[in-house]
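See structure below.
What follows draws every value from the coordinates through simple rules; no lab data is involved. What you are looking at is a predicted structure, and each value in this text was computed from that prediction instead of being measured. Ideal geometry is used to build each Cβ from the backbone, glycine not excepted, and the neighbour counts take in all protein chains shown.
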Amino acid sequence: MSEEVTIRKGYRVNLETDKKIKELIKYYNVKSENELFRAIINEIYDIKKNKAIVPFKTYEQEKIKLEKAIFEIGRLKGALEEKEKQLEELKQKRKGFWAKLFGR
């Protein structure tokens, strides 16, 4: 079973790749494949030069660490709120009769 192939300026691509090339030509707003390849190469060069790409594995590891940190912050916030509530209850118990009566 062979897939359909489109011949483009000296190379062959399947129909899916041909469709993607046409979409990229519209996206980059260029007139030819040569301009498209030039734009893509320049973009890749800039990204690599500025080290803007993070390997996916590193991204996943950092994402997991961030999620764990957010969870821990939430847990600590809950524990702090519980302690503050307990402290407030202790302060209420310490107030004398007259302070409770007059709200001080």
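Give me the lysines in straight-line cross-link reach of Lys91: C-alpha distance below 16 Å, same-chain residues under 8 apart excluded.
Straight-distance partners of Lys91: Lys83, Lys100.
What aspartates and glutamates does Lys51 reach when the alpha-carbon gap must be under 16 Å and sequence neighbours fewer than 8 apart in one chain are set aside?
Within the straight-line cut-off, Lys51 pairs with Glu43.
Here is the link list: Lys26/Lys48; Lys22/Lys49; Lys26/Lys63; Lys20/Lys48. Which ones come out longer than 29 Å on Cα distance?
Pairs exceeding 29 Å: Lys26/Lys63.
Work out which GluC sites (Glu not before Pro) in the chain are exposed loop sites (DSSP not H, G, I, E or B, at most 14 other Cβ within 10 Å) and give the longest gap free of them. Display every interim value, and only then the final one.
On the way: sites that count: Glu3, Glu4.
After excluding every exposed loop site, the longest remaining stretch is 5-104.
Among the lysines, which fall within straight-line cross-link reach of Lys77, defined as a Cα-Cα distance under 19 Å, with same-chain neighbours fewer than 8 residues apart omitted?
Lys65, Lys68, Lys85
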